[in-house]
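Here the structure comes first, spelled out in structure tokens, and everything after it is commentary.
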Amino acid sequence: MDKKDERLIERLAETKSAIESELGKIIVGQKKVIEEILLALFANGHVLLIGVPGLAKTMIVNCLAQILDLSFKRIQFTPDLMPSDITGTEILEEKTGGKRDFRFVPGPIFANIILADEINRTPPKTQAALLEAMQERRVTVAGRSMDLPLPFFVLATQNPIEQEGTYPLPEAQLDRFMFNILIDYPSKAEEKRIVSLTTSAYEPKLNKVLKRDEILRFQALIRRVPVADEVLEFSVELVNRTRPDHESAPDFIKDYLWWGAGPRASQYLILGAKTYAALSGRYTPLRSDVLRVAKLVLRHRLILNFKAQAEGLKPDTIIDRLIASLDEGLNPSILR
């Protein structure tokens, strides 16, 4: 890493603080959630947001798009939503002289930041319309491939309570999400402030902090952040131990999991650790940075068996035990 990259990392850390300051004008609390969303954005990943209604998920994403000067589209997923409602469609248009020709009308997927609201409320065929877009940053309509605007960032939401009439996301699509972020209720003091602000005439003005080209520059910077071999080894070993058939998997993993995380989890652990280090103004990640993003990366990639479900175990509990088994000297509370 050269001096230019070091200066960029310092600039990135300053930018993070500026973004959080601007969001703080409207969003009360949720500092951890905002930080985790920024981690995914600068790592060029996508996010699955899990939380009950009314916790400002849409507002956070909308305000973030304004602060970053990016285009934003919200897609409300419903049982009757079709793939073409997302990607766009061709219409037959009559031109001068009586001639007719097909014209492509872009769908809402052609934006920098996409909020896929209640993504599990639409059938698998429509869910799959996001797969190519999330992975390849392009869509194919009528046999023609079209690139999506960069940066391209998908945040999908799910309601963890109401499951009637929903279509659980297949594992292949879950794996496309870099992070699974849980949004909890605000504290009593935060809720009091929320009510005070939202029932008054308070209308804050958000200032733009970043431009599109700067975001792309920061995303490229994350890829150049060096990683020590021991941190790489630690990340891969952590993921390997989530696999019940792996020789290093602890007994409780074999008892409670059908399947563990795949290689994409190892990649996202390193990318997340790199980004967390850079946003903290450091030039290389530590093992503690890997731990900081472990639950975000792993919780939606562990498939619990019937025994684990019967005992009421959650993926986060298993991840804590896994980290303790990997190195007793590491404190799993760093993940909380």
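Each value in this text was obtained by applying a stated rule to the coordinates, not by laboratory testing. This structure is a prediction, so every number in the text was calculated from the model and none was measured. Methodologically, a virtual Cβ is constructed for each residue, glycine included, from the backbone with ideal geometry; neighbour enumeration extends over all protein chains shown.
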Longer than 26 Å from Cα to Cα, which of Lys3/Lys73; Lys16/Lys73; Lys57/Lys295; Lys31/Lys314 are they? Say none if no pair is. Lys3/Lys73
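Normalise the Cα radius of gyration of the range 1-74 by 2.2 N^0.38 Å (N = residues in it) and let me know the number.
Working: Rg = 13.6 Å, N = 74, 2.2 N^0.38 = 11.3 Å.
In units of the globular-protein estimate, the range 1-74 measures up at 1.20.
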Run a plain Debye calculation on the range 225-335 (Cα atoms as equal point scatterers, no solvent) and give log10 I(q)/I(0) at q = 0.15, 0.18, 0.21 Å⁻¹, rounded to two decimals, same order as the q list. -0.59, -0.83, -1.09
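Given R₀ = 41 Å, FRET efficiency for Ala189-Leu92 by Cβ-Cβ distance, to 0.05? Show your work: numbers first, answer last.
Numbers: r = 58 Å, r/R0 = 1.42.
It comes out at approximately 0.10.
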Of all DSSP beta bridges in the range 3-198, what percent run antiparallel (nearest 5)? 40
Roughly what % antiparallel, to the nearest 5, for the DSSP beta bridges in the chain? 45
Expressed in angstrom, Rg and Dmax over the Cα atoms of the range 3-198 are 19.0, 67
Given the DSSP H assignment, sum -39500 (n - 2.57) over each helix run of at least 4 residues in the chain and divide by its residue total; what's the result at 222 nm in deg cm²/dmol, nearest 500? -13500 deg cm²/dmol
What spacing in nm lies between the two simple spin-label points modelled at Ala324 and Leu174, each 7 Å away from Cα in the Cβ direction? 2.4
Helix 263-279 vs. the chain, principal-axis angle (Cα, 0 to 90°, nearest 10): 90
Can you give the Rg to Rh ratio for the chain, taking only C-alpha atoms and Rh from Kirkwood? 0.99
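Work out the FRET efficiency for Lys314 and Asp101 from their Cβ-Cβ distance, taking R0 = 45 Å, and round it to the nearest 0.05. Please report the intermediate quantities before stating the final value.
Working: r = 55 Å, r/R0 = 1.22.
For R0 = 45 Å, the calculated efficiency reads 0.25.
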Note down the nm distance, to one decimal, between modelled labels 7 Å out along Cα→Cβ at Glu20 and at Gln267. 2.9
Contour minus Cα-Cα span, Asp245 to Ala228, at 0.36 nm per residue, comes to 3.3 nm
Considering amide H positions built from the backbone, and no H for Pro or chain starts, which residues 5 or more places from Gly107, or on another chain, come under 5 Å of its amide H? Gly88, Thr89
Using the alpha-carbon atoms, what tilt in degrees (0 to 90, nearest 10) does helix 287-298 show relative to the longest principal axis of the chain? 60
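For the range 153-284, what ratio Rg/Rh do Cα atoms give with a Kirkwood hydrodynamic radius?
Rounded to two decimals, Rg over Rh is 1.06.
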